[in-house]
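The values are calculated or read from the model by the stated rules, or taken from the named source; none is laboratory data. This is a predicted model, so every value here is computed, not measured. Every residue, glycine as well, gets a Cβ built from its backbone with ideal geometry; the counts of neighbours run over all protein chains shown.
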Amino acid sequence: MSKSQKSPTVKPATRERGEARYFHGRVKILDNFKELLGRAKAGNSGTSILIQAAPGAGKTALLHEYARIARAQRWQTAEIDPDGLFDPAELSKSLRLPLPPKRQETKTGGNVQVLHRESTSEHYLPTTLDILESGRKPLLLLLDEAQTTATVIPRSNHEQFTSALKLVKAIHNGKVGRPVILIAAGLGATAAAFDSLGISRFDPGCRINLEPLSEEARQAVIQDWLLEEGGAKGDPTPWIHAIACETHGWPQHIMAYVWPALRQLKSTDGELTPEGLETALEEGRKGRIEFYKARTRGIPGEQLHCIARVIANAPSGTSFAKMDIMASLRMEFSEDKAEKIFTLALHKGILDERENRYVVPIPSMHDWLVDNFARIPEPLFPPLDP
Ligand SMILES: Nc1ncnc2c1ncn2[C@@H]1O[C@H](COP(=O)(O)OP(=O)(O)OP(=O)(O)O)[C@@H](O)[C@H]1O
Ligand SMILES: [Mg+2]
């Protein structure tokens, strides 16, 4: 089990998302990363790591942990957005470098001629790869919400797409001329986005799907919050077990229960009362449902119904072939629309991809979808008797 880390940068506003105040678990993933840092430095190379996981699985918290470890080993770290992969100005900002010189245009006989990088050093327009190649220090690039990459860098924009492609390939193959590691983390469409950039095979341990926290880690997180933050007096074990049991090791859910638990502890001056626990669990359950509602916002009930009826008779955690879900969608929608709904479900994290099969990632989310959408919606007006 990793030691809890109390980071002064974590603000209360980040309650259920982002950097963890008490980070636990993910031990093997982080051990692999430490090894990778060593190898990249020794070989003056690098690679990319892809984390594809459902909403609230702990992607952003893990990115912060990676950055903390890398900084401790004297790596420079930078958070980038997808446009930083092709836009030299964006990448420079992320790396805290001065803005690169602009491409100059001259008119020759009425035609606009672009002076390329070969022209003179004065007109040198660095690509994003040039910018990375110009540095020496080992560099860790962190790309969160990476499922948006395909939308931000459409194939139709040839220049941007090629620029991003060259950069990502060079990093992935360790050919930047200095140690550079790119970590991309996002929801279910992330692997497909990287596939379109020509990156589909990863080094061992570099294609990560975040599972729920282990029993030990989930208990450690809850314990830290209750004792350190809530000032709980006495034995917190019943509280820890009750919260751990309802949250399935799902980091976002743990936090959705931890905050009401802290409120209860505040009101009883740290006393762990059974009534306090009951109220905290009630509020945690409400928070969990709010989270599902937020994930499904903007997807009409008829569309959720098509997904819910596929999973209705299977235990939570069962994965399905895309064609099973598409067949259900096609019963109500055109092929095009069905494909769009499927992609939206992936983008919103209602479905998660596991080796080319698709699953509703959280057990209680599965149950919520089935309870609320599997039955055919009642018609507004019952049919008239003949
Ligand atoms: N290993 C961990 N130990 C302790 N707390 C964690 C851990 N992982 C995540 N958390 C906490 O759980 C909550 C959800 O995590 P996080 O925001 O990283 O999830 P995410 O996968 O990035 O979610 P989203 O898809 O919504 O961006 C955050 O409050 C975070 O601090
Ligand atoms: Mg996140």
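Pick from the range 333-359 the residues that are in a loop (DSSP other than H, G, I, E, B) and at pLDDT below 95: which of them is surrounded by the fewest Cβ atoms within 10 Å (Cβ to Cβ)?
My answer is 355.
Could you list, in sequence order, the residues of the range 143-173 that are more than 16 Å from ligand 2 (Cβ to nearest atom), in contact with a helix residue (DSSP H, G or I) (Cβ under 8 Å, 6 or more places away or on another chain) and more than 21 Å from residue 89 (Cβ to Cβ)?
Once the filter is applied, which keeps residues that are more than 16 Å from ligand 2 (Cβ to nearest atom), in contact with a helix residue (DSSP H, G or I) (Cβ under 8 Å, 6 or more places away or on another chain) and more than 21 Å from residue 89 (Cβ to Cβ), the range 143-173 yields 150, 155.
Does residue 239 satisfy the condition of being buried (at least 22 other Cβ atoms within 10 Å of the Cβ), within 30 Å of residue 341 (Cβ to Cβ) and touching a Gly at 6+ places or on another chain (Cβ under 9 Å)?
Here the answer is no, as residue 239 does not meet what is asked.
Under 7 Å between Cβ atoms, at least 6 apart or on separate chains: pull out the pairs that start in the range 353-371 with a residue that is more than 30 Å from residue 195 (Cβ to Cβ) and end on any residue that is crowded, with 20+ Cβ neighbours inside 10 Å and among the aliphatic types (A, V, I, L, M).
Every condition considered, the pairs that remain are 370/308; 370/311.
From the list 50, 37, pick out the single residue that is modelled with pLDDT of 95 or more, within 16 Å of ligand 2 (Cβ to nearest atom) and surrounded by 19 or more Cβ atoms within 10 Å (Cβ to Cβ).
Going through 50, 37 in turn, just one is modelled with pLDDT of 95 or more, within 16 Å of ligand 2 (Cβ to nearest atom) and surrounded by 19 or more Cβ atoms within 10 Å (Cβ to Cβ): 50.
Give the residue that is farthest from ligand 1 (Cβ to nearest atom), with candidates limited to residues of the range 153-202 that are in a loop (DSSP other than H, G, I, E, B) and at pLDDT 95 or above.
Initial filter on the range 153-202 (in a loop (DSSP other than H, G, I, E, B)): 153-157, 173-179, 187-189, 197-202.
Among the residues that remain, those that are also at pLDDT 95 or above are: 173-179.
Values: 173: 28, 174: 27, 175: 30, 176: 27, 177: 32, 178: 28, 179: 26 Å.
It comes out as 177.
Could you check the range 152-165 and list, in sequence order, the residues that are in contact (Cβ under 8 Å) with a residue 60 or more places away in the chain and closer than 30 Å to residue 57 by Cβ?
152, 153, 160, 161, 164
Quick grid of which residues meet (1) within 12 Å of residue 341 (Cβ to Cβ); (2) surrounded by 13 or more Cβ atoms within 10 Å (Cβ to Cβ); (3) not assigned by TED's automatic domain parsing to the domain that holds residue 254:
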{"residue": "302", "(1), (2), (3)": "yes, yes, yes"}
{"residue": "307", "(1), (2), (3)": "yes, yes, yes"}
{"residue": "310", "(1), (2), (3)": "no, yes, yes"}
{"residue": "315", "(1), (2), (3)": "no, no, yes"}
{"residue": "319", "(1), (2), (3)": "no, yes, yes"}
{"residue": "328", "(1), (2), (3)": "yes, yes, yes"}
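Condition (residue is without any contact (Cβ under 8 Å) to a residue 24 or more places away in the chain and either away from ligand 2 (no atom under 16 Å from the Cβ) or in a helix (DSSP H, G or I) (or both)) applied to the range 248-258: is it met by at least one residue?
no
Within the range 49-83, can you find the residues that are within 14 Å of ligand 1 (Cβ to nearest atom) and in a helix (DSSP H, G or I)?
The answer is 59, 60, 61, 62, 63, 64, 65, 66, 67, 68, 69.
Do you know which residues across the range 53-82 are acidic (Asp, Glu) and surrounded by fewer than 19 Cβ atoms within 10 Å (Cβ to Cβ)?
Passing the criteria: 79, 81.
Output the residue which, of all residues in the range 174-217 that are touching a residue at least 24 places away in the same chain (Cβ under 8 Å) and polar (S, T, N, Q), is nearest to ligand 2 (Cβ to nearest atom).
The extreme case among them is 190.
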